[in-house]
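Below is one structure; the comments refer to it alone.
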Amino acid sequence: MAQIPFLGIKHHRKKRAAVQIPRKSYFWCTLLLVCFAAFTFSSLLFRGFHPWRPAATTALPGVKPIVPVIETVEFPDETVVFLKYPPSTPLFTKYDLYCLYLNPNSSQPPESVENDELLGQQLVRCPLIKPRGVLTSLSVKSTGYNLSIGPSRRWNSLAYEALIDRDNTTIVFVKGFNLRGGKQSDASKFKCVYGWDVKNPKFVLQSDVVSVAQEVVRCNTPVSILNNPQRFVGTTSNMNQSIKVSVRMVGKEPLESIASPKRRLQLNLPGQKQHEMCVCTMLRNQASFLKEWIMYHTRIGVQHWFIYDNNSLDDIDDVIKLLSMDGNINVTRHVWPWIKTQEAGFAHCALRARDVCEWVGFVDVDEFFHLPNGMSLLDILRNQSRSGNSKVAELRVSCHNFGPSGLEHVPTQGVTMGYNCRMIAPERHKSIVKPEALNSTLINVVHHFHLKSEFRYANMDRNVLVINHYKYQVWDVFKEKFYRRVATYVSDWQQHRNVGSRDRAPGLGTRAVEPPDWSSRFCEVTDTGLKDRVAQMFTDPNTGKLPWQKSLT
């Protein structure tokens, strides 16, 4: 019985009668086979056959070499193609490619081509066309060469991201199990699967699941994966591929996967974190509001930003690059195409921020920390450290919801100056947490995380720290929320369920139709506290303008 390495799977073969082959005949047969193989290989080689660089393009001077397509994922309104380049290869741009379709035969320019430096790949976003056309390939404009895109995965049944944590467990982010929000599930009902083809039970490694919560699964990583994640049992044709990890329910097939487990987290903690205060956020098409939000929070103490870009089509990348030219503003943008995954995205961000940030705030672009007594966020955090409450690892900050404040058009001076009328009672809270203190399941409900058992939270006094949530802005801004909501466990506006939830606008219903009294809604008390402070901190004495009103070019 032969045993396949690592797996312990025994392979049975029926015994057959031995056939005696003369040594001389055996020698000539072997020589013939070797010559044939060498001829075939050399023919392919000299024809330019190579999975990374087809001869159709590399033979032309000055033309970008072709790259292999890693994976293709189909979303409700677009198909995302993931490309990975060999080292030192020029990258494609949006203007280098066409998306090609079948039924009907047509081509469209991609909506965007995004560089994901964290994962070392590009994302090409191809629109879905009507009548529904099947995306068949990408075409390189300069050469006409077509890239085969391979099989397409569904976005809502997929293992889409994986990280190897400090303790050598693999954290896998998945869609498709529909587990309860804010609750830990029974880990014994799941298994983790590693391999090039996670659907092939002959060539996979399985491991136990440590924890399952929401859309985050923590697995025991096999030793062979930890030692060399690029080599694995299988055939030599697989050696250019990365090992993938997936998750399955016991008795069922694993989810499809494009997630390769790689160590992107620091093994050794630095003596002191690089930043005292960071912010994580997930956004879509918020470039026009980003300048004010980042400039203001940088002034009051935020030292680093983790921006999870959830399929923006505006000029957010240009805005971030211009903001980053200011030496005091540090922004990291991560392309995050996965929809309805805000909780998973925040868990992913918490892991990345853990090695460099002492505290991390999880807030949206329409939420502004306001310190009525004039302190800074760093003052708050340092006072917390000096208070001796070393077990407090989460600060919960109440939110005041502001309304359109009588406006019908976007205020040119920004949201903090334009909206000054809010509801009296605060609603919910957002949190600033120590990422080191988070429960290993990474459970969160957007507003707050679950902490390790030895830690606790503290509620902030609203006279010291509060959040101005500009939730109900002018209608043209607010109606964009009808397109898609990013939180996993929050219903979209169009769905006829949970109509009375606090996640919905009271009395609005499920259609994006402007109520006649929208501009005057949600106005119960005038509050100009943050407006006055922003005017004092940022107004140019010569022009009377605020910095986000000026051109950054």
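Extension gain for Ser376 to Asn459 (0.36 nm times residue separation, less C-alpha to C-alpha distance): 28.1 nm. Rounded to 0.05, the FRET efficiency of the His275 and Gln206 pair, given R0 = 30 Å and the Cβ-Cβ distance, is 0.15.
Near Phe177, no amide H atom lies under 5 Å from its own; only residues 5 or more places off or on other chains count, and H is placed 1.01 Å from N.
Rounded if a/c is under 1.5, else prolate if a/b is larger than b/c, else oblate: which is segment 433-542, with a ≥ b ≥ c the root eigenvalues of its Cα gyration tensor? Judged from the Cα gyration tensor, segment 433-542 comes out oblate (a/c at least 1.5, b/c at or above a/b).
Give the shape of segment 425-466 as rounded, prolate or oblate, defined through the alpha-carbon gyration tensor: a ≥ b ≥ c are the square roots of its eigenvalues, a/c under 1.5 means rounded, and otherwise the shape is prolate if a/b is larger than b/c and oblate if not. Prolate is the answer for segment 425-466, as a/c is 1.5 or above and a/b outweighs b/c. Computed in the context of the full set of protein chains, the accessible area of segment 471-553 at 1.4 Å probe radius has 47% of its extent on carbon or sulfur. Classify segment 106-175 as rounded, prolate or oblate from the Cα gyration tensor: take a ≥ b ≥ c as the square roots of its eigenvalues, call it rounded if a/c is under 1.5, otherwise prolate when a/b beats b/c and oblate if not. Prolate, because a/c is 1.5 or more and a/b exceeds b/c.
Ranked from largest to smallest solvent-accessible area, with a 1.4 Å probe on the protein heavy atoms, Lys94, Lys252, Lys291 come out as Lys252, Lys94, Lys291.
Based on the Cβ-Cβ distance of His409 and Ser224, what FRET efficiency does E = 1/(1 + (r/R0)^6) give at R0 = 60 Å, to the nearest 0.05? Efficiency computed from Cβ-Cβ geometry: 0.50.
What the phi angles of segment 274-283 give under the Karplus curve with 6.51, -1.76 and 1.60, with θ = phi - 60°, is a coupling list of 5, 10, 7, 9, 10, 9, 10, 8, 10, 9 Hz, glycine and proline written as x. For segment 419-431, putting each phi into the Karplus relation 6.51 cos²θ - 1.76 cosθ + 1.60 with θ = phi - 60° gives couplings of 9, 9, 10, 9, 7, 5, 7, x, 10, 6, 7, 10, 10 Hz, in residue order, rounded to whole numbers and with x for Gly and Pro. Expressed as a whole percent, the accessible surface of segment 102-199 that belongs to carbon and sulfur atoms is 45, based on a 1.4 Å probe.
For the set Lys183/Lys452; Lys291/Lys479; Lys391/Lys452, the pairs lying more than 18 angstrom apart at their alpha carbons are Lys291/Lys479. Within the assembled protein chains, the solvent-accessible surface assigned to Lys189 is about 110 Å², based on a 1.4 Å probe. Computed from phi, the 3J(HN,Hα) profile of segment 460-472 under the Karplus parametrisation 6.51, -1.76, 1.60 (θ = phi - 60°) reads 7, 5, 5, 7, 9, 8, 8, 10, 8, 9, 7, 6, 10 Hz, with x in place of Gly and Pro. Local charge for Gly403 was computed over the other residues whose Cβ lies under 10 Å away, with Lys and Arg +1 and Asp and Glu -1, and equals +2. For segment 132-267, the solvent-accessible area of protein heavy atoms averages 46 Å² per residue (probe radius 1.4 Å; ligands and nucleic acids excluded).
For segment 294-355, the fraction of 1.4 Å probe accessible surface lying on carbon and sulfur atoms is 47 percent. Collect residues whose amide H, placed 1.01 Å from N in the peptide plane, falls under 5 Å from the amide H of Thr136; neighbours closer than 5 in sequence don't count. Under 5 Å from the amide H of Thr136 lie the amide H atoms of Leu100, Tyr101, Leu102, each far enough along the sequence or on another chain.
Neighbours of Cys126 by Cβ distance under 9 Å: Lys/Arg scored +1, Asp/Glu scored -1, total -1.
The values are calculated or read from the model by the stated rules, or taken from the named source; none is laboratory data. In this text the structure is predicted, and so the values were computed from the model without any measurement. Because the Cβ atoms are built from the backbone with ideal geometry, glycine has one as well, and the counts that use them run over all protein chains shown. For the accessible areas, the whole protein counts, side chains as well, though only heavy atoms, and no ligand, DNA or RNA atoms are used. Shrake-Rupley method; radii C 1.70, N 1.55, O 1.52, S 1.80 Å.
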